[in-house]
Amino acid sequence: MTLFELLQTPLMKNAVVEHGNANLDSDVTWCSPDIALRFDNWIIPGLLLVYTGELEEQEFKNVYKALQECNASGILVFDDKPFEDGCLYGKQLKCYDNQRIPVIHMPVYTNMLSFTKQLSVVLATNFENERYVENWLREICYSGNEVCDRNIVGERFGYYSQNKYICMILRLEKKRDEHSIGVEMNLKQAEGIVSNYVTQKNENVLSFLDGETVISFVPFPNNIRRSVVHEELKNVFEEIKKVISGRIWSAVVGSLVKNLDDFRKSYLDAIQTENVVYELKNQIQFYDDWYAHIFILKRSEEELEQLVDQVLDPLFEHQDLLQLLAVYYTYGEDLKATAERLFIHVNTVKYRLKKVDEILGYNSRESNARFRLQLAIIAYQHLQQNECKV
């Protein structure tokens, strides 16, 4: 449950976010009063700290530093006095940053101990539901099995039969010598951004984490156009890019499907798209944009090998040229992008394309020849990738 989602619950109906509105997409995993940290100095990612006013200024500064380092979700303040910048329980505590950890004000008539207990129940219940959702989605995606009755899915997990859904897969690459917790935290942040986007429309995203990947099923109105879906997801990814900045990542989106029976189809379409565009990093790719490529790859391996042999046979002794064509077509025949990907000069790209024409004996930019070469390169890449997997 993200902090934004928690703020929508009846328990938080009187809460006011005083600082850190831009960071409400973090997961809330637990809550604890700050005085507990005097005796048990642990802070876990996603902790919502209940500020009691018992800590002295320096103590609180130390706690706040730990909160930042561990990606805590927020600070909850109970106060009967007007909330002024840095003034908590009459103490001047100005160590927090308005753009970092959210500070949430609760009215004093809410009993702190009672509230903390209720919040723990809400989080525990939500955690249990999330676990069921994750197991259920894994079964659907990986094996095609439905392990729940549809009514239970709707009531407990937030699935609505009147919506369409689309599968989105985000993979992050670990940095050198990085602990996996860093990747997981970024994935949870990305998941939170998608969840907040959906929550604002009074819907629920269905998602689960698996290693360095988060797989989400995003709901849309039944009558929505694909172009609108693409545009909205691109906008969501503009926000996600901010939390995964500095990482190498890939994101693919499957087909838009009408019901629960087709969840696995949307997932598999996303996987097929990923297999085609594995060279393209740090940009979102849609199944609809690569359908023609995927359609070709549904042919038998024998037919694909025949296509490759007929079209590319003269180039087999020139692996550098085959690599050039693969990158050139993947990047939409963009000379500059091809050069940057291969770490060569644009003029070198032009020279090698002329070399391709010389070896093949025809103009590879002529429409029919280009189409034939593109199909053969797609098949060639697919066959090469399958060999690597064996």
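The values are calculated or read from the model by the stated rules, or taken from the named source; none is laboratory data. Bear in mind that the values here come from a model prediction, so they are computed numbers and not experimental data. All Cβ positions, even for glycine, are placed from backbone atoms using ideal geometry, and neighbour counts span all protein chains on display. With ligands, DNA and RNA removed, areas are computed over all heavy atoms of the protein, side chains included. Shrake-Rupley method; radii C 1.70, N 1.55, O 1.52, S 1.80 Å.
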Check: Hey, Leu170 hits all of (1) under 24 Å from Tyr291 (Cα atoms); (2) touching a Pro at 6+ places or on another chain (Cβ under 8 Å); (3) open to solvent by less than 10 Å² (accessible area, probe 1.4 Å) but one; which does it fall short on?
Finding: (2)
Check: Is the stretch 217-226 home to any residue that is free of Cβ contacts under 8 Å to residues at least 60 places away in the same chain and either touching a Gly at 6+ places or on another chain (Cβ under 6 Å) or under 25 Å from Arg131 (Cβ atoms) (or both)?
Finding: yes
Next item on the list: Assess whether Thr116 counts as being modelled with pLDDT of 70 or more, within 24 Å of Val17 (Cα to Cα) and surrounded by 14 or more Cβ atoms within 10 Å (Cβ to Cβ).
Entry: yes
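For the stretch 190-197, indicate whether the set of residues that are open to solvent by less than 50 Å² (accessible area, probe 1.4 Å) and over 14 Å from the mean Cα position of the chain (by Cα) is non-empty. Reasoning before the result, please.
Here is the first cut: in the stretch 190-197, the ones open to solvent by less than 50 Å² (accessible area, probe 1.4 Å) are 190-197.
Those left that are additionally over 14 Å from the mean Cα position of the chain (by Cα): none.
Scanning the stretch 190-197 turns up no residue that is open to solvent by less than 50 Å² (accessible area, probe 1.4 Å) and over 14 Å from the mean Cα position of the chain (by Cα).
Which residue, of Leu233, Leu209, is under 15 Å from the mean Cα position of the chain (by Cα) and assigned to a strand (DSSP E or B)?
When all the criteria are applied, what remains is Leu209.
Among Cys87, Cys95, Cys70, which is the only one that is at pLDDT below 70, open to solvent by 10 Å² or more (accessible area, probe 1.4 Å) and closer than 25 Å to Thr2 by Cα? Break it down into steps so the answer makes sense when it comes.
Values: Cys87 fails: closer than 25 Å to Thr2 by Cα; Cys70 fails: at pLDDT below 70.
Being at pLDDT below 70, open to solvent by 10 Å² or more (accessible area, probe 1.4 Å) and closer than 25 Å to Thr2 by Cα holds for just one of Cys87, Cys95, Cys70, which is Cys95.
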Note to self: Take the residues in the stretch 129-173 that are closer than 25 Å to Asn202 by Cβ and of a type in the set (D, E, K, R); name whichever of them is modelled with the lowest pLDDT.
What the structure shows: Glu155
Note to self: Consider the stretch 240-268. How many of its residues are part of a helix (DSSP H, G or I), at pLDDT 90 or above and open to solvent by less than 10 Å² (accessible area, probe 1.4 Å)?
What the structure shows: 3
Note to self: Contact list please: Cβ distance under 8 Å, first residue in the stretch 287-309 and closer than 17 Å to Leu373 by Cβ, second residue aromatic (Phe, Trp, Tyr), pairs at least six apart or on different chains.
What the structure shows: Val308/Tyr380
